[in-house]
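The values are calculated or read from the model by the stated rules, or taken from the named source; none is laboratory data. Not measured: the values here are computed from a predicted model. Note that we place each Cβ from the backbone using ideal geometry, even for glycine, and neighbour counts take in every protein chain shown. Protein only, heavy atoms only, side chains kept; ligands, DNA and RNA dropped before computing areas. Shrake-Rupley method; radii C 1.70, N 1.55, O 1.52, S 1.80 Å.
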Amino acid sequence: MMSLDVVVNNKFTSQEEQNEFIRIAHSSADRLEALVADVILLSYIDQNNLNLIRQIIDVEHHILTPIKRRLTRYETKGLNFVHDINLSGVIKAPRREFAQALVHLADNAFKFSPEHGVVKLTIKPGGNGGAVITIQDSGTGIPADLREKVFERFYQISQGDGREFQGLGVGLTIARAVFSGLGGDVKILDSESGCYVLAALPDLQSEDAAYG
């Protein structure tokens, strides 16, 4: 709240200083909004009340825009976010939950990539609303013996008071729960470099709830 208080009371010495205070306040609000959204989604997961109604996904609006918004948290790292998206088919998924899951997968890649590293997103639609999504970063990767452990709630590779990265350790938990609820999965695959994540969204089945 201090940043907002300073702006409201005009206690700044230059336009640049004011802009910096506003940027910090905006960033803090964004993080708080994301945290609340995660807590709410986790509660739905725990209650087996996850929204599974599948709607048409707009790639730009429901995937790229939220991911690029999350990328701004890491602007000082100078990351190169590239994407290869096949638009030949239609993807159907619960929009809010699907976007939240993909943002967490991308956030993980941004977080563990080195400065000026490359993060690549690929999306290949299936034949009836499904998709195969991969995200690869240029970090140090995840040891094979921890590739299932990292999906556990609150688990973080960097542990203790001196841990290197911020976060609750629920991002991968949420991502897997969303895709699993839709009959798919999220896995960490072997890669020569970095971390290579595969998220599989199956095609629509006759019993799936969908509209649009």
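Annotation: amide H-H contacts under 5 Å for residue 54 (H modelled 1.01 Å from N, sequence separation of 5 or more, or interchain): 209, 210, 211. Rounded to 0.05, the FRET efficiency of the residue 144 and residue 86 pair, given R0 = 35 Å and the Cβ-Cβ distance, is 0.75.
Per-residue surface analysis assigns residue 83 an accessible area of about 80 Å², computed on protein heavy atoms at 1.4 Å probe radius.
Let me make sure I get this right: for segment 80-212, a, b and c are the square roots of the gyration tensor eigenvalues over alpha carbons, sorted descending. Under 1.5 in a/c it's rounded, otherwise prolate if a/b > b/c, else oblate. Which is it? Here segment 80-212 falls in the prolate category. Here's the list of lysines a cross-link from residue 124 could span, going by alpha-carbon distance under 26 Å and ignoring same-chain residues fewer than 8 apart: 68, 92, 111, 187.
Dipole size of segment 31-184 about its Cα centre, with +1 on Lys/Arg Cβ and -1 on Asp/Glu Cβ: approximately 280 debye, rounded to the nearest 20. Ordered from largest to smallest accessible area (heavy atoms of protein chains, 1.4 Å probe), the residues 82, 150, 36 come out as 36, 82, 150. Proximity of backbone amide H atoms, modeled 1.01 Å from N, is registered between residue 170 and 154 at under 5 Å, excluding neighbours fewer than 5 places apart on the same chain.
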